[in-house]
Amino acid sequence: MATTAFLILFPVLVALVLMFVRNDRARSYITVIGALVIACGSIFCAVQFLSPETHVFPVSDTAAMVIDYVALAIELVLCLYIFVKGVYYKKPLAVVLAVIQLGLATYLDLAVAHDITVANELYIDNFSIIMALIIGIVGSGIIVYGLGYMRVHEAHNDGSDRRNIFFSVMFAFLGAMFAIVFSNALTWMLCAWEITTVCSFALIGYTRTKEAIDNSFLQITLNLIGGIAFSIALVWVGSFYGTMELDVFISTTLSLASSGMAFVTYAPLLLFSLAAFTKAAQMPFQSWLLGAMVAPTPTSALLHSSTMVKAGVFLLIKISPCLGFTIPGFLVMTVGIATFLFCALAAISQPNAKRVLAYSTISNLGLIVACAGVGTDGAIWAAIFLLIFHAVAKSLLFLCVGTAEHHIGSRNIEDMDDLFERMPRLARLMAIGIMGMFIAPFGMLVSKWAALQSFAQSENVILLVLLVFGSAATFMFWTKWLGKILAIANNDAQDVELTVFRSEWASLGLMTVLTVGCCIGFPLISVSVVAPYLQTMFGVASNAIPIGDLWIMAIIALVIAVIFLGFSGNTKKRIAPVYLSGVGVDESARTFRNSFNGVSTATQRNWYMNDIFGERKMVLIGIVVSLTLIFSSFAFVVQSAAAEKDTLVGISAAHDSYEGSLWEQNNIDFTTYQQYYEYYRQSWEQNKDAFKEIGIEDMDDLMDTLFIQMFVQNSSSGTQDSDSSSSEGGNQ
């Protein structure tokens with residue numbers, strides 16, 4: 001437990017120190033040392049706990065109570081912070097949502113969760129370790145990259161230097177993410193969930209321009225909707241499940257579904273899914289992640305690769321065993337695949353590199369969400385690897401685009417056709433990142449193939465068709481970008497790489513090693529990490545793709561990386577001029593005489609197909625589809641709850657009776673208690689007077705009496721019989 005506590009608290013400590021450090025040199029030392037410690041801590045956590053088993057860590061009652069009150073205080077402070085900011089900037093919707101969340105958090109902690117015992121507050125399994133490594137290594141690398149990047153950013157900023165706040169929030173973000181992936185106590189997870197929302201709000205609005213403020217409030221508004229959904233889900237779980245533990249929630253949900261009471265599970269699963277949609281920027285909530293592009297590049301990289309959006313898909317993957325072939329599962333997989341398709345199509349029309357990265361992030365997250373909705377072992381295998389490869393390759397691409405923007409003065413893809421002359425090393429790294437996103441044998445494409453297999457096994461033809469079309473769109477927009485980088489448009493371009501900071505090169509090198517290394521280590525990760533996790537969750541140790549095929553692809557990926565990155569010298573071949581099929585005026589400038597005897601310039605430009613795949617058109621269709629699915633699913637759940645009202649009331653009464661009973665004191669689970677309660681409740685209603693004559697005043701007394709008869713007296717009787725048998729044996 002010490003390791004998990006360290007990973008949660010140490011980033012917070014670094015954040016507090018950096019808040020008060022304004023000296024650039026001191027800030028750099030603290031940031032680098034803090035990042036290294038966090039990265040090493042996450043690796044140590046993996047070495048210490050990597051195993052097929054789930055490790056659970058109970059916290060003492062006193063410590064747990066203190067942490068519960070601290071978590072409640074943090075939630076109240078966060079809600080008040082949003083309230084004050086909303087009033088100041090005149091954002092009434094954010095104010096209203098903050099007030100609702102404030103009331104829900106207070107009610108949840110003091111009225112619902114207060115009397116519920118949590119046996120294991122923290123846990124670590126193999127999936128938590130994967131997430132911890134992504135947060136600790138990728139997240140820390142991005143923060144180090146920010147040292148050089150933010151120095152240039154602040155040099156062009158007319159306002160005051162607020163880098164102390166920037167780096168402080170970045171480290172706090174990592175601590176909150178560690179809390180999410182290690183928390184088994186759902187109230188603790190909710191607290192960390194809200195911290196990531198507010199950290200994202202602060203980072204997006206960092207520059208304090210009108211555009212930044214508007215987009216930060218768009219983010220906070222949409223994610224407050226998710227936070228409210230999360231809180232309502234916990235109220236439902238506390239009231240009808242009688243637990244506040246994630247692992248117990250999952251096991252109880254599976255038990256209820258198998259016993260014919262699946263309708264009880266629909267509401268919390270849908271609410272958790274809605275919360276995950278907002279965090280993972282799924283349609284119709286995708287706009288906040290696009291708006292986050294106004295923030296400095298380290299913020300974008302952190303949000304897209306190792307924090308925020310990954311929290312959403314993490315939650316869905318954790319509850320995925322409960323989703324397969326259910327109404328909530330249908331919603332998750334259809335919203336996910338719709339987001340994957342329409343955002344991939346929208347990315348085709350984007351010349352802005354950051355918007356391409358944003359839409360591709362939302363699209364890939366949609367595919368991960370769809371896999372979670374399918375909820376089979378093969379689909380989750382694909383989802384986890386999609387998450388891993390997306391984290392490393394997308395962080396590399398964001399950092400490359402940020403550095404390129406600072407040195408060529410543009411983030412437009414059309415301005416990158418001389419990148420190989422001006423920034424040859426960076427161009428190679430950017431090309432590796434792009435190839436990692438869509439070309440075989442790199443991991444993303446292999447993982448998509450696994451997703452295709454799992455969709456086929458689920459016999460869902462619509463998922464298969466949409467995956468194929470979405471993948472085709474993905475291939476198109478990545479190919480256009482890669483072609484621009486590899487093209488040579490100006491032989492006289494000046495190399496500007498000498499001014500790139502060492503901290504930027506260090507982070508870029510780290511992300512490149514991770515991108516290639518994960519592809520090479522694909523088979524080992526599958527066998528030693530992912531397959532044991534699937535064995536624990538589904539009872540099947542699955543490798544969606546044969547291990548021999550994974551080794552072949554790993555070797556090919558290594559060869560490609562060596563060839564592409566190994567040869568960096570200048571070629572001795574003559575660069576031939578471009579043939580312009582006419583009378584040339586200036587071959588070096590690519591000008592020629594056209595058919596009207598005028599001077600024209602030859603250019604190479606991509607086709608963005610705005611008339612076919614325009615951003616507004618694709619986004620509108622996707623939003624309509626996803627909203628229809630969400631409202632239909634919730635309408636079905638409300639109708640089911642109304643039809644089973646009496647049963648739900650009975651479950652709620654059983655939960656109230658269970659609290660403080662002999663059953664709870666002797667660790668009999670609530671599901672077992674509820675089954676007995678429902679069975680004997682009819683007997684109580686029919687024979688109430690007879691029961692009272694023998695001293696049983698209510699259902700609570702009846703259930704305690706039943707417990708004594710079933711467990712105490714039977715146990716005593718068994719002991720007496722055993723003693724009698726022993727005595728008879730001795731006499732004989």
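The values are calculated or read from the model by the stated rules, or taken from the named source; none is laboratory data. Computed from a predicted structure; not experimentally measured. Every residue, glycine among them, receives a Cβ derived from its backbone with ideal geometry; neighbour counts consider all protein chains shown.
Here are the numbers:
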item: Single residue of the stretch 306-362 satisfying the filter (of a type in the set (S, T, N, Q) and either over 26 Å from Val294 (Cβ atoms) or not assigned by TED's automatic domain parsing to the domain that holds Gln457 (or both)) that is surrounded by the fewest Cβ atoms within 10 Å (Cβ to Cβ); result: Thr326
item: Filter result (surrounded by fewer than 22 Cβ atoms within 10 Å (Cβ to Cβ) and outside any helix (DSSP H, G or I)) within the stretch 418-433; result: Asp418
item: Residue list for the stretch 415-458, filter: touching a Leu at 6+ places or on another chain (Cβ under 8 Å) and farther than 17 Å from Leu486 by Cβ; result: Met444, Val446, Ser447, Lys448, Ala451, Leu452, Phe455, Ala456
item: Options Ser503, Ser447; residue that is farther than 23 Å from Ser410 by Cα, in the same structural domain as Ile432 (by TED's automatic domain parsing) and of a type in the set (S, T, N, Q); result: Ser447
item: Search result, residues across the stretch 596-639 that are more than 23 Å from Val332 (Cα to Cα), small (Gly, Ala, Ser) and touching a residue at least 40 places away in the same chain (Cβ under 8 Å); result: Gly614
item: Residue satisfying all of: in the stretch 71-108; within 25 Å of the chain's Cα centre (by Cα) and closer than 30 Å to Trp663 by Cα; surrounded by the fewest Cβ atoms within 10 Å (Cβ to Cβ) among these; result: Leu72
item: Filter pass, Ile213 being modelled with pLDDT of 95 or more, over 19 Å from the mean Cα position of the chain (by Cα) and surrounded by fewer than 22 Cβ atoms within 10 Å (Cβ to Cβ); result: yes
item: Any hit, the stretch 250-268, residues being in contact with a Ser or Thr (Cβ under 6 Å, 6 or more places away or on another chain), surrounded by fewer than 23 Cβ atoms within 10 Å (Cβ to Cβ) and within 20 Å of Ser632 (Cβ to Cβ); result: yes
item: Boolean, Ile137 is of a type in the set (A, V, I, L, M), surrounded by 19 or more Cβ atoms within 10 Å (Cβ to Cβ) and either assigned to a helix (DSSP H, G or I) or outside the structural domain of His655 (by TED's automatic domain parsing) (or both); result: yes
item: Of all residues making up the stretch 438-473, the number that are assigned to a helix (DSSP H, G or I) and buried (at least 19 other Cβ atoms within 10 Å of the Cβ); result: 17
item: Conditions (1) under 30 Å from Tyr359 (Cα atoms); (2) aliphatic (A, V, I, L, M); (3) outside the structural domain of Asp417 (by TED's automatic domain parsing): number failed by Met609; result: (3)
item: Criterion (within 28 Å of Ile137 (Cβ to Cβ), of a type in the set (D, E, K, R) and in contact with a helix residue (DSSP H, G or I) (Cβ under 7 Å, 6 or more places away or on another chain)) met by exactly one of Glu194, Glu211; result: Glu194
item: Flag if Ser51 is surrounded by fewer than 18 Cβ atoms within 10 Å (Cβ to Cβ), touching a Pro at 6+ places or on another chain (Cβ under 8 Å) and not basic (Lys, Arg); result: yes
item: From Ala132, Ala63, Ala105, residue being free of Cβ contacts under 8 Å to residues at least 60 places away in the same chain and either part of a helix (DSSP H, G or I) or not assigned by TED's automatic domain parsing to the domain that holds Gly509 (or both); result: Ala63
item: Ser168 outside any helix (DSSP H, G or I) and not assigned by TED's automatic domain parsing to the domain that holds Val530; result: no
item: Set Phe285, Phe240: member being surrounded by 21 or more Cβ atoms within 10 Å (Cβ to Cβ), in contact with a His (Cβ under 7 Å, 6 or more places away or on another chain) and hydrophobic (A, V, I, L, M, F, W, C); result: Phe240
item: Single unsatisfied condition, Ala642 versus (1) within 21 Å of Ser255 (Cα to Cα); (2) without any contact (Cβ under 8 Å) to a residue 12 or more places away in the chain; result: (1)
item: Qualifying residue in the stretch 147-154 (condition: free of Cβ contacts under 8 Å to residues at least 40 places away in the same chain and in contact with a strand residue (DSSP E or B) (Cβ under 7 Å, 6 or more places away or on another chain)); result: no
item: Helices (runs of 4 or more DSSP H) contained entirely in the stretch 597-666, each with at least 1 residues that are aliphatic (A, V, I, L, M), modelled with pLDDT of 95 or more and more than 30 Å from Gln682 (Cβ to Cβ); result: 615-643
item: Count of the stretch 140-164 residues which are more than 17 Å from His407 (Cβ to Cβ), assigned to a helix (DSSP H, G or I) and either modelled with pLDDT under 95 or of a type in the set (Lys, Arg) (or both); result: 2
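Results for (1) surrounded by 24 or more Cβ atoms within 10 Å (Cβ to Cβ); (2) more than 22 Å from Leu7 (Cα to Cα), shown as yes or no for each residue.
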position	(1), (2)
Asp161	no, yes
Phe167	yes, no
Ala172	no, no
Met177	yes, no
Val181	yes, no
Thr187	yes, no
Leu190	yes, no
Glu194	yes, no
Ile204	yes, yes
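For (1) of a type in the set (Ser, Thr, Tyr); (2) at pLDDT below 95; (3) surrounded by fewer than 17 Cβ atoms within 10 Å (Cβ to Cβ), each residue gets a yes or a no:
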residue	(1), (2), (3)
Thr3	yes, yes, no
Phe6	no, no, no
Leu13	no, no, yes
Arg22	no, yes, yes
Tyr29	yes, no, yes
Gly34	no, no, no
